[in-house]
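K.L.:
A single structure is presented below for examination.
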Amino acid sequence: MNLVERLYEEHNGINAKIERLYNAVETLKDSNVDILKKLFEELKREILIHLREEEELLFPELVKKMGTSATSLQLILKEHEEIKNLLKEINNLILEGNKPKIFSAVHSLNNKLEDHLKKENNLLYSIAHEFIDPETLKEKSRLAVKIRQSTNI
Ligand SMILES: [Fe+2]
Ligand SMILES: [Fe+2]
């Protein structure tokens, strides 16, 4: 599996996890706040590892090919920051136990992720497949496994 294939599969995992969290938030009662915390922690870890893999392994290769001025890459990086900020916000809201705000923030995260992952699947990953040579993508995939193993979130 090369890096782009790995990242694409991780999108499916992230989608499954946000859906589980979204359903848990919709039916949230006091008794299952712990379940919500657990689902959120799993989603947060998966997203943060995925963003690290993209930022440290994929994007530098794209910059080599396309230069830093590539507007799509700037936009994608801006969205990464927005996603990280939303994760921090949800983390705090869960600690506070503020249900209406948790609901609205998870809703925002869900929408943002849906849009972001689609953009990458349809645009950025196709460009990566076209411009980065297969050997580099395979080597980067091995490095992605190391990032996953060493990330302590
Ligand atoms: Fe991304
Ligand atoms: Fe992604």
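K.L.:
Tilt of helix 3-26 relative to the longest C-alpha principal axis of the chain, in degrees (0 to 90, nearest 10)?
P.N.:
10
K.L.:
For the chain, what does the relative contact order come out to in percent, with C-alpha contacts under 8 Å and a separation of six or more?
P.N.:
Answer for the chain is 44 percent.
K.L.:
Where does helix 33-53 land angle-wise versus the long Cα axis of the chain, in degrees 0 to 90, nearest 10?
P.N.:
Helix 33-53 and the main axis of the chain meet at about 10 degrees.
K.L.:
Assuming 0.36 nm per residue, please report the length gained on full extension of the stretch residue 96 to residue 37 beyond their Cα-Cα distance.
P.N.:
Gain in length upon complete extension: 20.1 nm.
K.L.:
Using all alpha carbons of region 3-150, what is the percent of pairwise distances in each 5 Å bin, ordered from the shortest bin to the longest?
P.N.:
All Cα pairs considered, the percentages come to 2, 9, 19, 21, 17, 13, 9, 6, 3, 1, 0.
K.L.:
Rounding to the nearest 10 and keeping the result within 0 to 90°, find how far the Cα-based axis of helix 71-96 lies from the longest principal axis of the chain.
P.N.:
So the helix axis and the longest Cα principal axis differ by about 20 degrees.
K.L.:
Okay, moving on. Checking the cross-link filter: which aspartates and glutamates have an alpha carbon closer than 18 Å to that of residue 138, excluding same-chain neighbours under 8 positions apart?
P.N.:
The qualifying aspartates and glutamates are 5, 9, 10, 53, 54, 55, 56, 61, 130.
K.L.:
Then there's this: Which pairs break 18 Å Cα to Cα here: 65/118; 17/84; 17/140; 38/78; 44/84; 17/44?
P.N.:
Working: 65/118 22 Å; 17/84 16 Å; 17/140 25 Å; 38/78 27 Å; 44/84 9 Å; 17/44 9 Å.
Table pairs above 18 Å Cα-Cα are 65/118; 17/140; 38/78.
K.L.:
Further question: With a point put 7 Å past each Cα toward its Cβ, work out how far residue 20 is from residue 114 in nm, to one decimal.
P.N.:
2.0
K.L.:
To the nearest Å, what is the center-to-center distance of region 58-106 and region 4-28, using C-alpha atoms only?
P.N.:
Using only Cα atoms to place each centre, the spacing works out to 15 Å.
K.L.:
Kindly provide the helix-only [θ] at 222 nm of the chain, computed as the sum of -39,500 (n - 2.57) over DSSP H runs of four or more divided by all residues, to the nearest 500 deg cm²/dmol? Walk me through the numbers on the way to the answer.
P.N.:
Details: 7 runs with 124 residues, N = 153.
After summing the helix terms and dividing by the residues of the chain, the value is -27500 deg cm²/dmol.
K.L.:
Let me ask something else. Where the only charges are on Cβ atoms (+1 Lys, Arg; -1 Asp, Glu), what is the dipole of the chain about its Cα centre, to the nearest 20 debye?
P.N.:
Here the size comes out at about 300 debye.
None of the figures in this text is laboratory data; all of them are computed from the coordinates on show. A quick note: this is a predicted structure, and the numbers were derived from the prediction, not measured. Ideal geometry is used to build each Cβ from the backbone, glycine not excepted, and the neighbour counts take in all protein chains shown.
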